[in-house]
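J.: Shown below is the structure under consideration.
The values are calculated or read from the model by the stated rules, or taken from the named source; none is laboratory data. This is a predicted model, so every value here is computed, not measured. Neighbour counts are summed over all protein chains in view; Cβ atoms, including those assigned to glycine, are modelled from backbone coordinates with ideal geometry. The area values use the complete protein model at the heavy-atom level, side chains included, leaving out ligands, DNA and RNA. Shrake-Rupley method; radii C 1.70, N 1.55, O 1.52, S 1.80 Å.
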Amino acid sequence: MIVVEQKPLEDILDMVKDSDRMLVLGCDGCSGIYQVGGEKQAEMLSSMLKIGKKTKGGKKEGDLKIEASTVLRQCDKEIVREALEGSIEGYDAVLSMACGAGVQTVAEVFPEKLVLPAVNTKFIGMQDREMGDLHERCSACGDCILDETGGICPITRCAKGLLNGPCGGQVEGKCEVGGYENDCAWILIYKKLKEFGKIDQFLKLRLVRDNRISQSPRDLKGGVKYSGGGE
Amino acid sequence: MEAYSSLMQEILDGKFVFTGELEPEKTTDLTELVEGAKPLVGYAVACNVTDNPQSMAYMSSLVASYVVQRDAGMETIYQLRCSDRNRLALTADVLGAAALGLKNILALTGDHVSLGDNPGAKSVYDLDSALLTYMIRRMVDEGVDLAGKPIHEPPKIHVGVAVNPNADPLEAEIIKLKRKEEAGAEFAQTQVIYDMEKVDGLFEIYNQYGIKVPVLIGIFPMKNYGVADYFDKNIPGVSVPGELLETLKKVSEIADKKQRKEKYMEVNLEYFEAFVRDIMKSEAKGVHVMAVGYEAMVRELIARVRGEG
Ligand code: SF4
Ligand code: SF4
């Protein structure tokens, strides 16, 4: 899922200093599931902003219209349109708690509105509930090679994104980037392939990637087969 | 196989070769580098010229390699990192190097830029050391760039790679050399090691996988205790043998400067002469002496093991 993290409140307050009529918009997708930008968080943030604007911005209750709402998925144009059409007029700005795709979807559906990001979009991640951590696992490179690398992504988990690792920077299986705390992806790959009796795959010289595949902006034309709740 | 460089010629002739190391820094003045190379002429067959070592933003290794060859008459091994250049820039530099008469390149992936002195820089890694090796060999042998586009007057240059016998797990590191060999590596230089156990460990796996690339063993005579201590503490995965470090520490306590200097020489020579003689009996094809700024030592060491000292 997409991992997001709320921006510091001071930064958000600074960002919205000119908007007193604002919709704080949560998303029940990834952002909500990770409890960063769901319904509760949107309500919480809207109260915090009210307090902030009153204490630091010298505003009075009557000056402000800061409300919270949540949509099923902010990255779906139809869902966003249906959920907000008719109600969005009363606000001069939307403060989105979705990932960057969600923020831009709202902005595309309602081009006359100022749409601002309340979260930083971090990465595509995996959750580790036990530890309460999130880890980046895929960079959406567009040409998945997990089949060749023992199911471990070198594009994302190797700090250099190497195709022919490990580099000289690994020490006892740990990566030089980040102070030898993270596992070296290529040592993980080596161990996995060895365990599976596929050392040949490790030895294989992997030739250059065609970087056009991951050249942004990317589209998947006609890619929507199921609108998943938009109707 | 044709040799374009003295380094490759000597390796092909079966001579035991010595290479040195020079480090251009954050300066436009290459005097020290050139002066450092001069005493090694006739001793080391070539000297590596480092490329932004530890990801420090230093003077171009391409330019420094050229100036050293021109002004000191020392053949160079131009180190080239993938950290800072994409395939276009690497192609350009390889063509430029060949045009300037450089004959050897050491293809490196390169330390991550976040470890250097401009840690916020964007790292590149469009290629890695194996792919850079592959690219250079295609340029030389087939006269085409990575995309298969023909080169007018292809370069004549050799390509070497690095290998780290200190790595753990060792097998993953050594068999990478197999991959690099397949990519076209013509020689390999190892990271610094201090004992034959590491040399033997390397060649055991090397032979098991039928690797043939000529290997030069990296050694590091240490100019003073400070250098040794820094190296021991700051280079992950390698440590200076305790006894040697202790001895160097004792030498550092000698008050008289001249005496201290002489003693450092003596201690280093004693340790490394024996080590190099042992390496000469192994399957290694040479020794890469990484003693930047310690030319007197490098020269004396080479002279002694050649029986000239
Ligand atoms: S190779 Fe890695 S980055 Fe590419 S699609 Fe697969 S998991 Fe994602
Ligand atoms: S140490 Fe491993 S994970 Fe880190 S950059 Fe090198 S190969 Fe990649």
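J.: For B:N48, work out the one condition from (1) buried (at least 19 other Cβ atoms within 10 Å of the Cβ); (2) not in a strand (DSSP E or B) it doesn't fulfil.
T.: B:N48 satisfies all of (1) buried (at least 19 other Cβ atoms within 10 Å of the Cβ); (2) not in a strand (DSSP E or B) except (2).
J.: Show the residue pairs that are 6+ apart or on different chains and have beta-carbon atoms under 7 Å apart, the first residue being within the stretch B:144-169 and on the phi > 0 side of the Ramachandran plot, the second being of a type in the set (K, R) and modelled with pLDDT of 95 or more.
T.: none
J.: If you don't mind, there's one more thing I want to ask. Of the residues that sit in the stretch B:200-248 and are in a helix (DSSP H, G or I), among the aromatic types (F, W, Y) and farther than 30 Å from A:D200 by Cβ, which one is farthest from the chain's Cα centre (by Cα)? I'd like the intermediate steps shown before the answer.
T.: Filtering the stretch B:200-248 for residues in a helix (DSSP H, G or I) gives B:200-208, B:225-234, B:242-248.
With the extra rule that they be among the aromatic types (F, W, Y), the set shrinks to B:203, B:206, B:225, B:230-231.
So of that shortlist, the ones also farther than 30 Å from A:D200 by Cβ come out as B:225, B:230-231.
On the way: B:Y225: 22, B:Y230: 19, B:F231: 16 Å.
Checked the stretch B:200-248; the qualifying residue farthest from the chain's Cα centre (by Cα) is B:Y225.
J.: Would you check which residues across the stretch B:251-298 are in a loop (DSSP other than H, G, I, E, B) and closer than 24 Å to B:A162 by Cα and list them?
T.: Once the filter is applied, which keeps residues that are in a loop (DSSP other than H, G, I, E, B) and closer than 24 Å to B:A162 by Cα, the stretch B:251-298 yields B:S282, B:E283, B:A284, B:K285, B:M290, B:A291, B:V292, B:G293, B:Y294.
J.: Determine which member of the set B:V251, B:V276, B:V213 is touching a Lys or Arg at 6+ places or on another chain (Cβ under 6 Å) and open to solvent by less than 10 Å² (accessible area, probe 1.4 Å).
T.: Answer to the selection: B:V251.
J.: Out of B:T76, B:T19, report the one residue that is open to solvent by less than 10 Å² (accessible area, probe 1.4 Å), under 22 Å from B:R304 (Cβ atoms) and polar (S, T, N, Q).
T.: Being open to solvent by less than 10 Å² (accessible area, probe 1.4 Å), under 22 Å from B:R304 (Cβ atoms) and polar (S, T, N, Q) holds for just one of B:T76, B:T19, which is B:T19.
J.: Give the stretch A:183-213 a look and list any residue that's near ligand 2 (Cβ under 7 Å from one of its atoms) and more than 8 Å from chain B (Cβ to nearest Cβ), or say none.
T.: Those that are near ligand 2 (Cβ under 7 Å from one of its atoms) and more than 8 Å from chain B (Cβ to nearest Cβ): A:C184, A:A185.
J.: While we're looking at this one, here's another question. Checking A:G222 against (1) assigned to a loop (DSSP other than H, G, I, E, B); (2) away from ligand 2 (no atom under 16 Å from the Cβ); (3) at pLDDT 95 or above, which test does it fail?
T.: Condition (3) is where A:G222 drops out.
J.: May I pose another question? So which residues in the stretch A:122-142 are within 21 Å of A:M97 (Cα to Cα), open to solvent by less than 70 Å² (accessible area, probe 1.4 Å) and in a strand (DSSP E or B), if there are any at all?
T.: Within the stretch A:122-142, A:F123, A:I124, A:G125, A:D133, A:L134, A:H135 qualify.
J.: Quick check on A:G26: is it touching a Ser or Thr at 6+ places or on another chain (Cβ under 7 Å), touching a residue at least 60 places away in the same chain (Cβ under 8 Å) and assigned to a loop (DSSP other than H, G, I, E, B)?
T.: No, not satisfied.
J.: Which number in (1) β-branched (V, I, T); (2) within 16 Å of ligand 1 (Cβ to nearest atom); (3) away from chain B (no Cβ under 14 Å) marks the one condition that A:V119 misses?
T.: (2)
J.: Considering only the stretch B:58-170, give the helices (runs of 4 or more DSSP H) lying wholly within it that have at least 2 residues that are within 14 Å of chain A (Cβ to nearest Cβ).
T.: It comes to B:87-99, B:129-137.
J.: May I pose another question? Can you tell me which residue in the stretch A:99-116 is farthest from ligand 1 (Cβ to nearest atom), limited to those that are in a helix (DSSP H, G or I) and open to solvent by 50 Å² or more (accessible area, probe 1.4 Å)?
T.: My answer is A:E108.
J.: What are the residues in the stretch A:48-98 that are in a helix (DSSP H, G or I), under 24 Å from the mean Cα position of the chain (by Cα) and not hydrophobic (A, V, I, L, M, F, W, C), if any?
T.: A:K77, A:E78, A:R81, A:E82
J.: Please pick out the residue among A:V171, A:V177 that is in contact with a Leu (Cβ under 8 Å, 6 or more places away or on another chain), open to solvent by 20 Å² or more (accessible area, probe 1.4 Å) and near ligand 2 (Cβ under 9 Å from one of its atoms).
T.: Going through A:V171, A:V177 in turn, just one is in contact with a Leu (Cβ under 8 Å, 6 or more places away or on another chain), open to solvent by 20 Å² or more (accessible area, probe 1.4 Å) and near ligand 2 (Cβ under 9 Å from one of its atoms): A:V177.
J.: Go through A:C141, A:C158, A:C99, A:C153 for me and flag whichever is within 16 Å of ligand 2 (Cβ to nearest atom) and touching a residue at least 40 places away in the same chain (Cβ under 8 Å).
T.: A:C141 is the lone residue from the list that is within 16 Å of ligand 2 (Cβ to nearest atom) and touching a residue at least 40 places away in the same chain (Cβ under 8 Å).
J.: Out of the residues in the stretch A:124-150 that are of a type outside the set (G, A, S) and more than 14 Å from ligand 1 (Cβ to nearest atom), state the one that is nearest to the chain's Cα centre (by Cα).
T.: The selected residue is A:L134.
J.: Residue under question is A:C153, and the condition is that it be away from chain B (no Cβ under 14 Å) and within 16 Å of ligand 1 (Cβ to nearest atom); does it hold?
T.: Answer is yes for this residue.
J.: Sort through A:A98, A:A118, A:A159 and tell me the only one that's of a type in the set (A, V, I, L, M, F, W, C) and within 25 Å of B:R179 (Cβ to Cβ).
T.: Criteria check complete, one pass: A:A159.
J.: Restricting attention to the stretch A:214-225, which residues are within 14 Å of chain B (Cβ to nearest Cβ) and open to solvent by 80 Å² or more (accessible area, probe 1.4 Å)?
T.: Of everything in the stretch A:214-225, just one residue is within 14 Å of chain B (Cβ to nearest Cβ) and open to solvent by 80 Å² or more (accessible area, probe 1.4 Å), namely A:Q215.
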